[in-house]
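The values are calculated or read from the model by the stated rules, or taken from the named source; none is laboratory data. Fair warning: this is a prediction, and the values are worked out from it, not measured in the lab. Backbone-built Cβ (ideal geometry, glycine too); neighbour counts: all protein chains shown. Ligands, DNA and RNA are excluded from the accessible area calculation, which covers all protein heavy atoms including side chains. Shrake-Rupley method; radii C 1.70, N 1.55, O 1.52, S 1.80 Å.
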Amino acid sequence: MIDDVFVFDATVHSFNLDESNVQDNRWAKALWDAFLEWHEVYSPPQATLASDLYMRNWPPESLVEVLFLESQTDMGGTHNLR
């Protein structure tokens, strides 16, 4: 909660950012590179992870930890991505 307001994150994903999950073409590689850049540019310094920690297959348990233990999110709507 933020100031007694229920926080619902309607779009949460547990991404598989492991390099083995990237198709062998320049478009897929460019998108994969962009994920790391977005993380480094838009995350606060205290939340920025090293590339080897960020660019991995994120299990649902990690998503739960980040959403509910490290933020003020009360509920999230998950969407599976392949």
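If Lys and Arg each add +1 and Asp and Glu each add -1, what is the summed charge of the other residues whose beta carbon sits under 14 Å from the beta carbon of residue 40? Its environment carries a net charge of -3. Loop sites by DSSP among the chymotrypsin sites (Phe, Trp or Tyr not before Pro) of the chain, restricted to those with at most 16 other Cβ atoms within 10 angstrom, leave 16-82 as the longest stretch without any of them. Length gained on full extension, residue 52 to residue 5: 13.4 nm, using 0.36 nm per residue less the C-alpha separation. Taking 0.36 nm per residue of separation and subtracting the Cα-Cα distance, full extension of the segment from residue 31 to residue 78 would add 14.8 nm.
Computed from the Cα positions only, the extents of the chain along the three principal axes stand at 47, 27, 19 Å, in decreasing order.
Just report the Cα centroid separation between the stretch 51-75 and the stretch 1-41, whole Å. Here the answer is 11 Å between Cα centres.
Computed over protein heavy atoms with a 1.4 Å probe, the accessible surface of the chain works out to 79 Å² per residue.
Put simply, the amide H of residue 7, placed in the peptide plane, has neighbours under 5 Å in 2, 74, 75, leaving out anything fewer than 5 places away on its chain.
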